[in-house]
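K.L.:
Can you keep this structure in mind? I'll have questions shortly.
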Amino acid sequence: IQLIYIGVLNYERNLMKLCQAVEKANSEGMSFKLSLVGKGTEQADLESFASQTNGRIQVLPPVQHSQVPDVLAQAHIGVLPFPDEEKFRVSSPIKLFEYMAAGLPILATRIVCHTDVIGNGGFAFWAEQSDEASLLSALHLIAENPDRLSEMGYQSALASRDWTWSESARKLREALENGLKKLTNGSSQ
């Protein structure tokens, strides 16, 4: 099962714990490959770790934004192993929306920036925390349900439609109109 992460390869993204969980899963008889696409402060350490995995983990250079769909098309699951820290609570990562639009199921940590978007959507494998054990548990769920990946990807792509710019503008307009109605109705009493 091909996992993919596209983005900044910085220490705070929790990518090494994901790599360790992938290797642990493979040592337990599962069959995962992980591609990390990007550059960043943890890149050298990730490359060193990957060099010992016989190709199961690859660190690849960044790609142009126009190439992201082609890279994602080669994967089965998009991964977001971020820890629960304030900087990740501010907004949802663009890569989450890219994974969804590409029709990928998501492996994500259960943190606000992910749950706000995915909610109860049936297209995510949740790691309850960002530690290796939680990520490994999520990998177990994936390995136990490979036949669900296609349907989950379809649900992910459908859910992405709720997050387009035009849909966001429609929701904002609706909220503003409702707020104005309440304000207007409240002032006439």
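K.L.:
From the alpha carbon gyration tensor of region 1-72, can you work out the equivalent ellipsoid semi-axes (sqrt of 5 times each eigenvalue) and give them in Å, largest to smallest?
P.N.:
Values: eigenvalues 79, 43, 19 Å².
For region 1-72, the ellipsoid semi-axes come out as 20, 15, 10 Å.
K.L.:
Could I ask something else about it? If you look for lysine pairs in the chain that are eight or more places apart or on different chains, how many of them have Cα atoms under 26 Å apart?
P.N.:
Total qualifying Lys-Lys pairs in the chain comes to 15.
K.L.:
Sticking with this one: Under 5 Å between amide hydrogens, which residues at least 5 positions from Phe125 or on another chain qualify, with H placed 1.01 Å from N in the peptide plane?
P.N.:
Under 5 Å from the amide H of Phe125 lie the amide H atoms of Ile106, Leu107, Ala108, each far enough along the sequence or on another chain.
K.L.:
Express the accessible area of the chain per residue in Å², computed with a 1.4 Å probe while the remaining protein chains stay in the model. Display every interim value, and only then the final one.
P.N.:
On the way: 10330 Å² over 189 residues.
Each residue of the chain exposes 55 Å² on average to a 1.4 Å probe.
K.L.:
Non-local amide H neighbours of Lys33 (under 5 Å, H modeled in plane, Pro and chain starts lacking H): which ones?
P.N.:
Under 5 Å from the amide H of Lys33 lie the amide H atoms of Gln2, Leu3, each far enough along the sequence or on another chain.
K.L.:
Quick one: ranking Lys33, Lys182, Lys39 by accessible area, 1.4 Å probe, largest first, what do you get?
P.N.:
On the way: Lys33 110, Lys182 155, Lys39 130 Å².
Output order, biggest surface exposure first: Lys182, Lys39, Lys33.
K.L.:
The list (i) 117; (ii) 174; (iii) 131 gives values of volume of the Cα convex hull per residue in Å³, and only one came from this structure; which label was calculated from it?
P.N.:
(iii)
K.L.:
Ok, one more. Can you give the net charge of the other residues whose Cβ lies under 12 Å from the Cβ of Pro93, counting K and R as +1 and D and E as -1?
P.N.:
On the way: positive: Arg13, Lys87, Arg89, Lys95; negative: Glu98, Asp116.
Taking every other residue near Pro93 into account, the sum is +2.
K.L.:
Scan around Leu60 for amide H atoms under 5 Å from its own, H built in the peptide plane at 1.01 Å from N, and keep only partners 5 or more places away or cross-chain.
P.N.:
Those lying under 5 Å, H to H, from Leu60 are Leu36, Val37, Gly38.
K.L.:
Hey, another quick one. With the full set of protein chains in place, find how many percent of the accessible area of the chain is carbon and sulfur; take the probe as 1.4 Å. Write down the numbers at each step before the final one.
P.N.:
Values: 5240 of 10330 Å².
For the chain, the apolar C and S fraction of the accessible surface comes to 51 percent.
K.L.:
Explain nothing, just compute: Karplus ³J(HN,Hα) = 6.51 cos²θ - 1.76 cosθ + 1.60, θ = phi - 60°, for every residue of region 15-30 in order, whole Hz, x for Gly and Pro.
P.N.:
Values, residue by residue: 6, 5, 5, 5, 4, 5, 5, 4, 5, 5, 4, 5, 5, 8, x, 7 Hz.
K.L.:
At R0 = 30 Å, how high is the FRET efficiency between Lys87 and Gln64 if r is their beta carbon distance? Nearest 0.05 is fine. It would help to have the intermediate numbers written out before the result.
P.N.:
Working: r = 26 Å, r/R0 = 0.86.
Efficiency, rounded to the nearest 0.05: 0.70.
K.L.:
Another one. DSSP beta bridges in the chain, what fraction antiparallel, as a percent rounded to 5?
P.N.:
Working: 0 of 18 bridges.
Antiparallel bridges make up about 0 percent of those DSSP assigns within the chain.
K.L.:
Same structure, new question: From the phi of every residue in region 115-122, what ³J(HN,Hα) in whole Hz does the Karplus formula 6.51 cos²θ - 1.76 cosθ + 1.60 yield, where θ is phi - 60° and glycine or proline is x?
P.N.:
Karplus values, whole Hz, x for Gly and Pro: 5, 4, 8, 6, x, 9, x, x.
The values are calculated or read from the model by the stated rules, or taken from the named source; none is laboratory data. It should be emphasised that the depicted structure is a prediction, and the values quoted were computed from it without experimental measurement. Here the Cβ is made from the backbone with ideal geometry for all residues, glycine too, and neighbour counts use every protein chain on show. When the accessible area is computed, the model is the full protein with side chains, heavy atoms only, and any ligands, DNA or RNA have been set aside. Shrake-Rupley method; radii C 1.70, N 1.55, O 1.52, S 1.80 Å.
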